[in-house]
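Peer 1: Starting off with a structure, shown below.
FYI, it's all coordinate maths here, none of it is from the lab. Values in this document were obtained by computation on a predicted structure and should not be read as measured data. All Cβ positions, glycine included, derive from the backbone under ideal geometry; neighbour counts span all protein chains shown.
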Amino acid sequence: MKDMIISELSQAVDELARGFAHFLPRLIVMLILVFAGWVIAYVAKIILRGILRLIKFDRLSEKAGASQLLNKAALPSATELLSRFVFWVAWLGFILLGVSVLGILGLQEQIARFFLFLPRLFVAIFILFFGMLAASFFSRAALLAAVNANVPSPRVLNLAVRSIIIVFVLSIVFEELGLAEQTMLVAFGIVFGALMLGLAIAFGFGGRDLAQRFLEKRFVRENKEENEDELSPL
Amino acid sequence: MAEESFLSDDFLRQLINVGEVDILVGFPTHNNAKTIGSIVRTIQSSILRCFPRERAVIINADGGSRDGTPELVTGVSIDDVRRASNLSALRTLHSISTQYATSPASGLALRTILTAADLLRAKACVVISPESAKIESDWLPKLLQPVYRDDCDLVTPTYRRHKFEGLLITNLVYPMVRALYGVRIREAYMSEFGFSGRLGSQFLGQNIWNDAADGEGVDLRFTLAAITGGSRVCQSFLGEKDHDERRGADLVPALRQTAGALFSALETDFPFWSGVSGSESVPTTGSDQQVFLEPVRVNRKRLKEMFSTGVLELESVFKSILSPSTLAELQRIAQSGEDEFRYSSELWAKTIYEFAASYQKSVISRDHIVQALAPLFRGRAFTFVTENRNASADDVENNIEGLCLEFERLKPYLLQIWKPRE
């Protein structure tokens, strides 16, 4: 009986030792991958930060209006944020690669899905950034045109243009990420429709006099005294 | 050397038929049928009268007119002019018309004229605006003779005009060109001007044509190129300026042509203007500048309102362009009533310099920077009109002089905020 217990125990210990001996190299490989991944991710972060500073990415982000959002959220600059993002994505990739070496069942598929998701994530960020840039540019253009044409409440126009572009960009971003595609599509339709209807009602009711003045100004050219540009600037 | 492929084969053939010329008169046109016929007749008569021994050519660079403008230019018979004016020339006078594009672009028009002048080896050239409602027969000799006889490279015009006309010129272009480039040219942005073939060829060779393909303010760039190239510049008094099309010119396009072109030139010309201090007058034939003082109706209330609305609504844009102190000062005066409102020369000069520096740094889209200047210019126009409402010609001149001196005094401020080239 005693011999049997000892034999079973020693067999269990042997198996554990064998299992551990079998697992240890994988663990070491994982740790090496994690460490190498940290080094590579860190180097990538430094290089990217240098490149972004060289191409004045912060200024571009400022123009896009992204810097203002980051400041409001007490986040670091766009260059720093993107560098850190790349660092974490790269390191996480190596960590997951290391974990996959361990051969834990069920994790493999999730890791493969993560790597397939990465390109879509980058495309979504790219779309979001340039979408913000477009929203900022076109809303400012609308604001300037409205101010110089002496249109009442130019900031409403500015806000409307910005909102429409941002809603449009967000719907594309979510679609790219594959997050709640149907919900986003419906939400976009509702928001866009509501915005247009709101603007139509607002202009219809609130802007009757304005529309009348606009049409009079455009088609009845009798009242010239209001035009200060009668004074030639050149 | 001219880029010969830029011209059409037909135009080149006509130029070859002309051969070399002494004098070239260029008309950049677009739907100017109303005025072009009489202008061409006046010019032809002037050539017969003042330059009978010179080989001359009239070049019409047309931007896709649909009212028969090119046909009117080439259709004016020199024989009719000879008979009418009882003059005769010893040389043939050619008139050539070419369509450089299907829509007007002043840069392409000037480039066509300069290229033709270069190919024909013209000694002296003159560009006349077809928008001039009234052109005198002595304009041609006044613009050509300093080039042809006195070895001048560029002749810019001065005019007799109302004290409140051309406010963008008197309040921005003249003071800024004078302070930065050190030359007192009254009309650096010119509709009519004379130049030597040498200067035309030099300008053709400059690398500005790709940037200024549509030619916003290319005339101003031409003047600045003459100054930076060390060319001899002089002014000639032409008389009354009466340009039909420009009378109601929109402010934003006018700002693009003047302020935009000037800000853009400052970037490339930095090595030149950063070393200039003070300013010098240029030789002038006739009067320096004449103003007439008839009262005109100006909607000052609207100017003030558009300034105040602009400052309020464009705060986010101005925050990117202006320094906090300048913006605060603008916001303060925007809230003041019409009687207390005053956009001082110092504040105006600081505003313009900060706009120029922001343009160089491209803090936002450059075109947006130029557009944002429009409401501020209206504020300055309000002050200028108010201050000079009852002013005599001398008082107006003194006020403009004071503004110029303010621009000169604040030039170190521009150098301080100008970003050094990396």
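Peer 1: What order do you get for A:MET30, A:MET196 when you list them from fewest to most C-beta neighbours inside 10 Å?
Peer 2: In order of increasing Cβ crowding within 10 Å: A:MET196, A:MET30.
Peer 1: Report the residue, chosen from A:SER153, A:SER77, A:SER139, that carries the largest GNM mean-square fluctuation when chain A is represented by alpha-carbon nodes joined by springs under 10 Å.
Peer 2: Among A:SER153, A:SER77, A:SER139, the largest GNM mean-square fluctuation belongs to A:SER153.
Peer 1: Exceeding 23 Å between C-alpha atoms, which entries from my cross-link table qualify? They are B:LYS134/B:LYS304; B:LYS319/B:LYS361; A:LYS56/B:LYS361.
Peer 2: B:LYS134/B:LYS304
Peer 1: Bin width 10 Å, origin at 0, all Cα-Cα pairs of region B:271-342: what percent of pairs per bin?
Peer 2: Spelled out per bin, shortest first, that is 14, 26, 20, 32, 7.
Peer 1: If you find the alpha carbon centre of region B:173-191 and of region B:26-54, how far apart are they in angstrom?
Peer 2: Centre-to-centre (Cα) distance: 28 Å.
Peer 1: If you take the alpha carbon radius of gyration of region B:116-234 and divide it by 2.2 N^0.38 Å, what ratio comes out, to two decimals? Please list the in-between numbers first.
Peer 2: Numbers: Rg = 14.2 Å, N = 119, 2.2 N^0.38 = 13.5 Å.
Expressed relative to 2.2 N^0.38 Å, the Cα Rg reads 1.05.
Peer 1: What is the local net charge at B:LEU410, summed over the other residues whose Cβ is closer than 10 Å to its Cβ (Lys, Arg +1; Asp, Glu -1)?
Peer 2: With Lys, Arg at +1 and Asp, Glu at -1, the net is 0.
Peer 1: Could you line up B:CYS152, B:CYS50 from fewest to most neighbouring Cβ atoms inside 10 Å?
Peer 2: Going from least to most buried by this count: B:CYS50, B:CYS152.
Peer 1: Sticking with this one: Can you show me the helix-derived [θ] at 222 nm for chain B, built from DSSP H runs with n ≥ 4 at -39,500 (n - 2.57) apiece and divided by the number of residues, rounded to the nearest 500.
Peer 2: It lands at -15000 deg cm²/dmol.
Peer 1: Would you order B:THR285, B:THR156 from fewest to most other beta-carbon atoms within 10 Å of each residue's own beta-carbon?
Peer 2: B:THR285, B:THR156
Peer 1: How long are the semi-axes of the equivalent ellipsoid of the protein assembly as shown, defined as square roots of 5 times the Cα gyration tensor eigenvalues? Whole Å, largest first.
Peer 2: In descending order, the three semi-axes are 64, 31, 25 Å.
Peer 1: If you take every DSSP beta bridge fully contained in chain B, what fraction is antiparallel? Give it as a percent rounded to 5.
Peer 2: If we restrict to bridges inside chain B, about 20 percent are antiparallel.
Peer 1: Please figure out what share of the DSSP beta bridges in the protein assembly as shown is antiparallel and state it in percent, rounded to the nearest 5. Working shown, then result.
Peer 2: Details: 7 of 39 bridges.
Antiparallel: roughly 20 percent of the beta bridges in the protein assembly as shown.
Peer 1: Among B:VAL385, B:LEU330, B:TYR100, which residue has its Cα furthest toward the positive end of the charge dipole of the protein assembly as shown, with +1 on Lys/Arg Cβ and -1 on Asp/Glu Cβ?
Peer 2: Of the candidates, B:LEU330 comes out farthest on the positive side.
Peer 1: Follow-up question, since we're still on this one. Could you give the distance between the Cα centres of region A:79-137 and region B:89-137, to the whole Å?
Peer 2: If you average the Cα positions of each part, the centres end up 61 Å apart.
Peer 1: Across the Cα atoms of region B:300-417, what radius of gyration and what greatest pairwise Cα-Cα distance (Dmax) are found, in Å?
Peer 2: Gyration radius and largest Cα-Cα distance of region B:300-417: 14.3, 41 Å.
Peer 1: Compute from the Cα atoms of chain B the Rg and the Dmax, the latter being the longest Cα-Cα distance, and quote both in angstrom.
Peer 2: That works out to 22.0, 68 Å for Rg and Dmax.
Peer 1: Helix by helix through chain B, keep the DSSP H runs that span 18 Å or more along the axis on Cα and average at least -0.5 on Kyte-Doolittle, and give those back in order.
Peer 2: Span-like helices here: B:33-50, B:106-119, B:345-361, B:366-387.
Peer 1: Still on this model: Pick from A:ILE28, A:ILE46, A:ILE104 the residue whose mean-square fluctuation is largest in a GNM of chain A, springs joining Cα atoms under 10 Å.
Peer 2: Most flexible of the set in this elastic network: A:ILE104.
Peer 1: For the protein assembly as shown, with only Lys/Arg (+1) and Asp/Glu (-1) charged at the beta-carbon, what is the dipole magnitude about the Cα centre, in debye rounded to 20?
Peer 2: 580
Peer 1: Please check: in the Gaussian network model of chain B (C-alpha springs, under 10 Å), which one of B:PHE341, B:PHE384, B:PHE203 has the largest mean-square fluctuation.
Peer 2: Result: B:PHE341 has the largest fluctuation of those listed.
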